[in-house]
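Chemist: Before anything else, here's the structure in question.
The values are calculated or read from the model by the stated rules, or taken from the named source; none is laboratory data. Note that the coordinates shown come from a computational prediction; the quantities given were computed from them, not determined experimentally. Cβ: placed from backbone, ideal geometry, glycine included. Neighbour counts: every protein chain shown. Accessible surface is based on the protein model in full, side chains and every heavy atom, while ligands, DNA and RNA are left aside. Shrake-Rupley method; radii C 1.70, N 1.55, O 1.52, S 1.80 Å.
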Amino acid sequence: MREERILELVQQYVNDHFEHEPSGHDYYHMKRVAKWAGTLAFHEGADSFTAELAGWLHDIGDSKLFDDPDSIYKELDQFLSSIQISPSKRAVIFDIIKNISFSKGQVPESIEGKIVQDADRLDAIGAVGIARTFAYGGLKKQLIYDENDHYSSSIQHFYDKLLHLSSGMHTKKAQEEARKRHDFMEQYLRQFLDEWNSVERAGEEK
Ligand code: NI
């Protein structure tokens, strides 16, 4: 089967699973990660097709999103086999999708895996990352911000995770892009806290 045809079928499969996903892990997240993975692979001289394929599929089986990861892994394996992805390529793809999540703290073995991890982390930061953070926080019924730090909040998530991502990029192109997105997040947080604290300043100025 031609690579373009395989990617079309994979997009359809991903759309079936993530079309209505409200947590920021929707079809368009998969698309952005897949396309960035393809671009990073090009710059690194890695296998763009494998990187893009794994990018499309990287959140399949994530325990945040799937109640029964093992059964979806089985389904994915059957699907990939049905579109003529070889057993060795399926093994590479599964190594990638099982090892890229930040919470597990693991790094996939292959360069294509490191690339997909970079692409996924790029999508967690910058303006898009900010939007996804609040979508996810709302879905989890978290506060936007708690100035007393009694409850976990979306703003806290920037300090716990998002501001640490840019320093962990594997590839040069992702490092460059991450720096811009990181700077924008810092600017955003300064503005957010300035507006938040302006309530008290306004009180003092009365
Ligand atoms: Ni993801």
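Chemist: List the residue pairs whose Cβ atoms are under 6 Å apart, where the first residue sits in the stretch 22-51 and is within 17 Å of GLN175 (Cα to Cα), the second is more than 10 Å from the ligand (Cβ to nearest atom) and part of a loop (DSSP other than H, G, I, E, B), and the two are 6 or more positions apart or on different chains.
Modeler: Listed pairs, sorted by first residue: LEU40/THR171; GLU44/THR171.
Chemist: A further question on this structure: Given LYS64, LYS31, which one is out of contact with any Phe, Trp or Tyr (no Cβ under 8 Å at 6 or more places or on another chain) and either within 16 Å of the ligand (Cβ to nearest atom) or open to solvent by 20 Å² or more (accessible area, probe 1.4 Å) (or both)?
Modeler: None of the other options fit; the residue is LYS64.
Chemist: Scan ASP183, ASP160, ASP123 and give me the residue that is open to solvent by less than 90 Å² (accessible area, probe 1.4 Å) and free of Cβ contacts under 8 Å to residues at least 12 places away in the same chain.
Modeler: ASP183
Chemist: Does GLY61 count as small (Gly, Ala, Ser), in the same structural domain as LYS35 (by TED's automatic domain parsing) and in contact with a Gly (Cβ under 9 Å, 6 or more places away or on another chain)?
Modeler: In short, no.
Chemist: I would also like to ask the following. Select from the stretch 34-51 the residues that are part of a helix (DSSP H, G or I) and open to solvent by 30 Å² or more (accessible area, probe 1.4 Å) and write down the one among them that is nearest to the ligand (Cβ to nearest atom).
Modeler: Within the stretch 34-51, the match that is nearest to the ligand (Cβ to nearest atom) is TRP36.
Chemist: Hey, another quick one. Find all pairs meeting these conditions: Cβ atoms under 8 angstrom apart; at least six residues apart or on different chains; first residue within the stretch 79-108 and on the phi > 0 side of the Ramachandran plot; second residue open to solvent by less than 30 Å² (accessible area, probe 1.4 Å).
Modeler: GLN84/ILE6
Chemist: On the given criteria, is SER103 open to solvent by 30 Å² or more (accessible area, probe 1.4 Å) and modelled with pLDDT under 95?
Modeler: It is true that SER103 is open to solvent by 30 Å² or more (accessible area, probe 1.4 Å) and modelled with pLDDT under 95.
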